[in-house]
Structure formats: structure tokens, C-alpha cells
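*Asks:* Pasting a structure below so you can have a look.
The values are calculated or read from the model by the stated rules, or taken from the named source; none is laboratory data. In this text, all values refer to a predicted model and were calculated from it rather than measured experimentally. Glycine also receives a Cβ, built like all others from the backbone with ideal geometry; neighbour counts cover every protein chain displayed.
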């Protein structure tokens, strides 16, 4: 997995999100956004077809605990359907990219 953060309010994630290192990298990127004082972020998940429960928990904490608004753009129908099955479309403002 690789994260690019070219714009202050956008994270682009390429590759599958499946390891604890991936979770830590995403957590650090979100912490950087919060430290910059932003109140919203767009996260583009280019090609991952899955997402771990720890990353879902991190996104949930970020939205409900830290107050950061997330707009999640996913490139995979499979990932979109998973998030829909988990009733997370509205919480993470998910749309297909």
C-alpha cells in the first residue's frame, strides 16, 4: 500500500490495505491532517478491494471522535458493496470514483 498526500485535504491510497503497517500509515496521515487544523478530508482508495476492521474503526473514530468529515471515493465495486453492507455509506460519505 502507498499513500500520497499531494493536496492538504486529500489522501490517495494505492494498493491493498491489509497489514498493521498500512493501518499505522493511514493513522499517521490522518493525524497530520488533524494537526493542520482541517475539518474535512477526501480519501481516494484507488484499487483496494478490501478494508480491515481496524481501518474501519480508525475512520469511525476520526469521524465521531475527532470530528473530521470524511469523503471516501472508492474505485472498486467490491469495496463499495462491502461498505454498503456495513451501512457505512452515509457515515463515510462514500461514492464510487
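*Asks:* Considering the range 17-42 alone, what residues qualify as being within 23 Å of residue 84 (Cβ to Cβ) and either touching a helix residue (DSSP H, G or I) at 6+ places or on another chain (Cβ under 8 Å) or part of a helix (DSSP H, G or I) (or both)? Spell out how you get there, then give the answer.
*Replies:* So in the range 17-42, the residues within 23 Å of residue 84 (Cβ to Cβ) come out as 17-18, 22-23, 26, 30, 40-42.
17, 22, 23, 26, 30, 41 - these are the residues of the range 17-42 that are within 23 Å of residue 84 (Cβ to Cβ) and either touching a helix residue (DSSP H, G or I) at 6+ places or on another chain (Cβ under 8 Å) or part of a helix (DSSP H, G or I) (or both).
*Asks:* Given the conditions (1) over 14 Å from residue 9 (Cβ atoms); (2) touching a residue at least 12 places away in the same chain (Cβ under 8 Å), report the number of the one that residue 32 does not fulfil.
*Replies:* Going through (1) over 14 Å from residue 9 (Cβ atoms); (2) touching a residue at least 12 places away in the same chain (Cβ under 8 Å) one by one, residue 32 breaks only (1).
*Asks:* Just to be sure I understand, how many residues within the range 25-37 are loosely packed, with under 13 Cβ neighbours inside 10 Å and under 15 Å from residue 56 (Cβ atoms)?
*Replies:* Looking only at that region, the number is 0.
Residue by residue, here is whether (1) loosely packed, with under 15 Cβ neighbours inside 10 Å; (2) touching a residue at least 40 places away in the same chain (Cβ under 8 Å); (3) within 13 Å of residue 1 (Cβ to Cβ) holds:
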{"position": "23", "(1), (2), (3)": "no, no, yes"}
{"position": "39", "(1), (2), (3)": "yes, no, no"}
{"position": "48", "(1), (2), (3)": "no, yes, yes"}
{"position": "86", "(1), (2), (3)": "yes, no, no"}
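*Asks:* Starting from the range 7-21, take each residue that is over 16 Å from residue 74 (Cα atoms) and list its partners that are surrounded by fewer than 13 Cβ atoms within 10 Å (Cβ to Cβ) and modelled with pLDDT of 95 or more, counting only C-beta distances under 9 angstrom and pairs at least six apart or across chains.
*Replies:* 9/40
*Asks:* Would you please name the residue that is farthest from residue 47 (Cα to Cα), looking only at residues in the range 81-97 that are touching a strand residue (DSSP E or B) at 6+ places or on another chain (Cβ under 9 Å) and in a loop (DSSP other than H, G, I, E, B)?
*Replies:* 91
*Asks:* Still on this model: If you take the residues in the range 53-80 that are assigned to a strand (DSSP E or B) and either at pLDDT below 95 or out of contact with any helix residue (DSSP H, G or I) (no Cβ under 8 Å at 6 or more places or on another chain) (or both), which one is surrounded by the most Cβ atoms within 10 Å (Cβ to Cβ)?
*Replies:* Once the filter is applied, the top-ranked residue is 73.
*Asks:* Could you list, in sequence order, the residues of the range 3-16 that are part of a strand (DSSP E or B) and closer than 16 Å to residue 32 by Cβ? Explain how you work it out, then say what you get.
*Replies:* Within the range 3-16, the first condition is being part of a strand (DSSP E or B), and the residues that meet it are 3-7, 10-14.
Residues satisfying the conditions are 3, 4, 5, 6, 7, 10, 11, 12, 13.
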